[in-house]
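Here the structure comes first, spelled out in structure tokens, and everything after it is commentary.
The values are calculated or read from the model by the stated rules, or taken from the named source; none is laboratory data. Just so we're clear, the structure is a prediction, and the values are computed from it rather than from any experiment. As a convention, Cβ positions derive from the backbone with ideal geometry for all residues, glycine included, and neighbour counts pool all protein chains shown. All accessible areas refer to the heavy atoms of the entire protein, side chains included, with ligands and DNA or RNA removed. Shrake-Rupley method; radii C 1.70, N 1.55, O 1.52, S 1.80 Å.
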Amino acid sequence: MVQDAWGRHIEYIRLSLTEACNFCCPYCRPTEITTDTQLELLSVYEWMVIIEAFHLLGVRAIRLTGGEPLLYPYVHELVERIYKTGWFEDISMTTNGSLLSHEAHRLRKLGLNRINISLDSLDADIFASCVGKQNQLPNVLSGIEAALSAEFDVVKINTVLTRQWTDDEILDVLSYVKKWKIVWRAIEYMPFQHKKFDGPTFMQWKSQIERLVGAPLVEVETVKGFGPASYYQLPDDIIIGFIFAMSHRYCKHCNRVRLTSDGYLRLCLLHDDESNLINLVRNGMKSNELADHIKNVLQLKKEEHDGKSIVQPARPMWKIGG
């Protein structure tokens, strides 16, 4: 398995298929980005050359993201092609869930193992302000239920903490995940869209949850996944995850890199170090040669990001991928 200069094993890639999304969450993008603006999408063949290079380096898991990955016109073919190679232990996807009710069973049959669905509130009005669009919460909840009925290995919901949550909001979500046996993960707000870091910190969120459940959180390692989340057991067998890259950095354990929808390898979400892979592929580079190139690029991955003092990344969030 390939290592970076700090001895970290890189075993997980996040692949953004498209910048397009039918939501426009304020922490990600200023306006809705439609599919007709996506003129330079990579083909399935091009993605497979890049993906094979990472397989040759020993990468074990791949996650398809966006934008909204279900807006990528060849998503079904790509999922099936990846699955049939047998290269990866885990093939997963992150989606906003709004289109999932009609896709979940098909994706599962094509070989998708796990799915993460964004859910920033169970209140319809708050949800609308979070996603920049009215009347979408029922679609997302239907998508979650479809994912559960499709029997993915694990279904998780992701909440980006762009604000302080009330106790009642938290209790509502805890009741929901208990009913459906879903893993709920809180994701710390990051300084994109030229907004300052102002969400709850790891300790603030942890303390609020502990106060509400009346017990200390007990860390567990039973949740399947390759990402950076730490997981905790609550009373009533509820499992919640924490991803707090700013106030509870996990850089020393970082095992992943990102591929942007325009074919660049990005070494860190919060650093602008990138390598143009698609240009090499379109100029005839094969997977084995590309693997050697990627191995060298990985040595440039920094030891850690700069925390709260970080400079605004040049790429906005929607151009990097979730």
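Tell me, yes or no, whether the stretch 127-134 has at least one residue that is touching a Leu at 6+ places or on another chain (Cβ under 6 Å) and not aliphatic (A, V, I, L, M). The answer is yes, given that some residue of the stretch 127-134 is touching a Leu at 6+ places or on another chain (Cβ under 6 Å) and not aliphatic (A, V, I, L, M). When the test is whether a residue is surrounded by fewer than 16 Cβ atoms within 10 Å (Cβ to Cβ), farther than 27 Å from Trp47 by Cβ and of a type outside the set (Phe, Trp, Tyr), Leu234 does not pass it. Does Leu100 meet the test of being modelled with pLDDT of 95 or more and in contact with a His (Cβ under 8 Å, 6 or more places away or on another chain)? No; evaluated as a whole, the condition is false for this residue. Taken together, the residues in the stretch 1-53 that are within 23 Å of Ile82 (Cα to Cα), open to solvent by 30 Å² or more (accessible area, probe 1.4 Å), of a type outside the set (Gly, Ala, Ser) and in a loop (DSSP other than H, G, I, E, B) amount to 5. Considered as a group, the residues in the stretch 262-286 that are basic (Lys, Arg) and surrounded by 13 or more Cβ atoms within 10 Å (Cβ to Cβ) include one that is nearest to the chain's Cα centre (by Cα), and that residue is Arg266.
In the stretch 252-261, the condition of being under 18 Å from the mean Cα position of the chain (by Cα) and free of Cβ contacts under 8 Å to residues at least 60 places away in the same chain is met by no residue.
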